[in-house]
1. Label point 7 Å out from Val375 along Cα-to-Cβ: which residues of the range 260-277 have amide N under 12 Å?
2. Of Lys51/Lys83; Lys59/Lys513; Lys150/Lys182; Lys154/Lys365, which pairs sit farther than 19 Å apart, going by alpha carbon to alpha carbon?
3. For labels at Ala136 and Phe736 in the simple 7 Å Cα→Cβ model, what's the distance in nm?
4. Expected output is a single nm value to one decimal: the length gained when fully extending between Leu675 and Lys239, i.e. 0.36 nm times separation in residues minus the C-alpha distance. What is it?
5. Probe 1.4 Å, all protein chains in place: accessible area of Glu207 in Å², nearest 10?
6. On full extension of the chain, what length is gained from Asn636 through Ser218, given 0.36 nm per residue of separation minus the C-alpha to C-alpha distance?
7. Taking amide hydrogens as modeled 1.01 Å from N in the peptide plane, which residues meet the under 5 Å criterion relative to Thr148, leaving out close sequence neighbours?
8. Once amide H atoms are built 1.01 Å from N in the peptide plane, which residues 5 or more positions from Asn490, or in another chain, come under 5 Å H to H?
Amino acid sequence: MNNLKTTLRGLLKNKAYGLLNVGGLAIGIACACLIFLWIGDELTYDHVNVKQDRLYSVKVNATFGSNSFTMGSTPRLMASSMKKEIPGVVNAARISDEDQNYLFNIGDKALYAAGRYADPALFSMFTFSFVQGSAANPFPQLYSIVITEKTARKFFGDEPNVIGKTIRINNEKNYTVTGVVKDLPENSTLQFEWLASYEAEMQLEFEKSGQKDVGWNSYGPFTYVELAPNANLESINKKLFNYFHQKDATQKNTAFLFPMYDWHLYDEFANGKQTGGGAVGQVRLLNLIAWIVLFIACINFMNLATARSEKRAKEIGVRKVLGSGRKRLVFQFIGEALMMSAIATVLALVITIIALPAFNALTQKQLSLGFTNPVHIIALIAIAIICGLLAGSYPSLYLSSFDPVKSLKGLKIKTGSATMIRKGLVVLQFTVSVVFIIGTIVVYLQIQHVKNRNLGFNKDNLVEIDMQHPFSRNFPVIKQQLLSTGLVANAALSDHTTIYGGNSDDRFTWEGKARDASVGVTFRDVSPEFVLTSGMHIAQGRDFSEALSDTSTAIVNQSLANVIDKNGVVGKIIRSPRGRKDGDYQDLRIIGVVDDYVYGNMYGQSSPTIFLCRPPLKDINANANLVYVRIKEGRNSQQTLAKIGSVITKNNPGFPFQYKFVDDQFNAMFFNEVLMSKLAGIFAVLAIVISCLGLFSLAAYTAERRVKEIGIRKVLGATAPGLAALLSKDFLQLVFISCLVAFPLAWIIMNNWLQGYQYRVGIYWWIFAAAGSTALLIALATVSFQAIKAALMNPVNSLRSE
C-alpha cells in the first residue's frame, strides 16, 4: 500500500513525466491488444468443429511437365469410393468447390443468397448447431435445403418456424426448407447461407446435358474426409498416391489428405508440397510487430527512470540508511513499474475499446474484447506483468546500486554506464522505427508495382454481369440493344471470370508435342467479340470474326504459342478435347495469338491459355452466362448502369440486375497485401510516436539538468539558435546512428520478403533517404521544442541561486 501511495504521489508531483511515461506504455499495450485479438481470431479458425483433429480435405496434385500444382477439385466418385475401400475413413462428403450466388423467390420476394451443394454426411462431420430440423436427416428429399438463421430472417422475417416452407431457386426448381442452423463464426473456413443436396445439383446437370455417366475424369467438388481416432494418416496417404491411376489408367494425378488444422494457416503449396507458408506468415509478422511496439514502449520507461536518477538519489540514500537492502529496493522499484504498467493497461483498454470499431473496419473482422473470456483476462494480466518487469528491470538494478553516502552528501552520481545504455536504447527505438518506415514504403511500392503492371487487357470501364443461367441464344439481341444505348462500346460472352484462374486440361495436343509431355492449358469458352471487348492485343494473326463461322478456330496466348512453336503458330492445328461432349476431340486451326494477360496469380506469369470461339446459337455454349460490357470512355455513371440494367432485366426476366466492375475485382485480390501495408504503416507511425514521447521527455530532462550551463552560456554571449543546436545535436546524432544500423537491416529483411514474388519492385536508394530524412526531421521537431524553450529562458532566473 505504501508503494502504491509513493507511486501515485510521484505521478501527481511530476504530471508531465507520468503522462508521457504511462501514455507511451498505454499506446504500446493498446497496439498489442488489437494485434493479439486479430491473431487469436486467426489461430482459432475452425475451432467450432468438435472433430477438427480428425477432419481432412482431399488435395490433388496435377503434374504438367516438371511442375505440379495443388488443387481442391476432386473426382465426383471420390467420397463414396474412399469410404468403402480405405480403412480408417469413417465418413466422407462432397461439397461444391465454390459459392453459388443464386436467386431465391419466396412469395413476392426475390433475393440473392450464396451457398453450396453438399452430401448429407457433411452435417455429421462438421459441427452445425441445428435450431430447426436435424443433422441426422438434413435432406429427407432430393430438393431439400438447409439455411442459416441469418438467411431465415432474410427470407421469412421473424417467422418462428420455417420448416416445410417452399422456395424457388433461379426460377427453375422448388426446394423445401428442412433445417435451420446457427450462423457460423467468421473464423470458419466453410461459410454459406444455404446448403442443398449435391445429388440435386448432379440431377440438374444431367437434365441439361443429357449425360448420366460420371467417371474418374469428372472433377468438380471438394471432398472432405473424417478419419477414425486411431487411423494411420501416413498409410492412407500411401494408398491415395496411386488411387486415381488404379481407377483409371489415363489418370496421372495423385492425392493426399490435408488436415483441417492447416486449412487456414498453412494452405500454401508449391510444386505439389506444402511450403509452410500461408496466413501464418501474416500472423508471425504481426506477432513480431506487437512485441516490438511493446518493447519500444518499455524502453521509454527505462530511459525516463534512469534519466531521473539524480532526483531520487537522496530518497534511495535515506532508505538504505534506514535499513533497506538492495534486494528490497529492487522489489520496490519493480513494484512501482508494475503499478505503472497496471495503470497503463487500464488506459490501454480504454484506447482499445475506442479504436476497435476502426480496426474491425480495416481488417474486416468482428473482433471484441471478451471481459468474460478467461483467456482475454489472463492475456491482459500477462501483458501488464511482462511490461512491468521488462520496463522496471534495469532501472531497479541501477537505482538500487547508488552509494548512500554520496547520495546524502549531494555528490553527483556517476551516470556514465547509464548514459550509454540510455543512448543505446534510443538508438534501438529509432532503428526499429526506421525499419518500419522502409518496410511500409517497400510493401506499398510492391503492391502498386503489380497493380500498375501491363495486365494484357483493359480492366477499366469493363463490367461483368452474371446472368445466373445460360442465355446464349438471346445474346445477339441483348448485344444490339446494349449498343443502341450509345453508352456501350462492345459486349461479349464468357464462361469464366476474366481475372481468375479457369479450368485447365492437359489433353490438348499438336504436331511436335512429345507423347509423354504434359502441358496444362487453361481454356475459355467465349463469344467472337470477347478479345475486342476485354481489350486484349492481337500480336499475330487475326481476331475471331462475327461474320464468319469460327467454330473450328482458336486463339492462343503467347505462352501457349511459345510451347507449340516459337517460330509461329498461326495456321497450325491444335487438337482440343473440349468438343460437344467432354473428351470428344476436335481439330482447331489457330488464327491468332494474343499477348499474355494476367489472371489468377497477380504476381506470377501468364499460363498457356486457349480461347475457344462459341457462337451464341450453338448449344455447346451452354455454360457461358457471364456478359462483359465495355462502357465508353467518360460514360461510367449510375445513369449508364441503369440503362444497361434495364436492357439486361428486360431480356433476363425474373433475375434482378447485378454487376461487378472488373477493376474492383482486381483491387479485391490485393486485400491481404493492402491490409498488411496499412497495418505496417499504422504501427510504424505509432512506433515513431512512442519513440518521440520518450525523446521529448529526455530532451526536457536534459534541458532541466543543463539550465545553469545554458544561463552561463547566454551571459557569455551565446545565441538562442546556437543553444538550441547545442542541445539538439546529441539526440540527432543518436537518430543518425539509428539510420546507419537500420538501412542494411531493412534491406536484408525486405529483400528476403520480395523473393517470394516473381514480379517484384526494386529497393531503391531514395527509399532509405526518405526514411532517414523522415526520422531525422521528426526527431528534430521533437527535440527542438524543448531546446528552444530552454534557450529562450531568462539567464537571471536560472543563475539566481548562485
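The values are calculated or read from the model by the stated rules, or taken from the named source; none is laboratory data. Worth saying up front: this structure is predicted, and the values here are computed from it rather than measured. So basically every Cβ, Gly included, is an ideal-geometry build from the backbone, and we count neighbours across all protein chains shown. Protein only, heavy atoms only, side chains kept; ligands, DNA and RNA dropped before computing areas. Shrake-Rupley method; radii C 1.70, N 1.55, O 1.52, S 1.80 Å.
1. Label zone hits: none.
2. Those over the limit are Lys59/Lys513; Lys154/Lys365.
3. 8.1
4. 152.8 nm
5. It works out to around 100 Å².
6. Full extension of this stretch gives 146.3 nm more.
7. Correct list: Val181.
8. Sorted by chain and number, the residues that satisfy this are Arg630.
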